[in-house]
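Below you'll find the structure, written out as structure tokens, and then a few comments.
The values are calculated or read from the model by the stated rules, or taken from the named source; none is laboratory data. Quick caveat: nothing in here was measured; it's all calculated off a predicted structure.
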Amino acid sequence: MKIAVVGLGYVGLPLAIQFARANVTVVGLDVDAAKVDSINQGRSYIRHIGSETIAEMVKAYSNLLRSTESRGQKAERDS
């Protein structure tokens with residue numbers, strides 16, 4: 001299964017992490033390029049989610065993807 005999580009804030013980022021841990025292909029979409037860059041670099045911008053968790057997702061779970069592009073990639077997802 002492939003899903004898109006729209007918005008990588010306090011709800012979307014933890015949701016994307018849990019889906020990725022469940023071996024679901026996830027594309028996280030956010031209009032804030034700084035958030036996307038932080039995730040891509042393994043850094044968290046949310047206090048209760050440690051950077052080590054984000055770094056683990058980037059390294060170990062290649063199915064947790066990040067993007068700021070929404071139209072083309074949303075069309076490729078099941079939900």
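Residues in the stretch 2-55 that are over 12 Å from the mean Cα position of the chain (by Cα) and acidic (Asp, Glu): Asp32, Glu52. Of the listed requirements (1) under 10 Å from the mean Cα position of the chain (by Cα); (2) at pLDDT 85 or above, Ser67 misses just one: (2).
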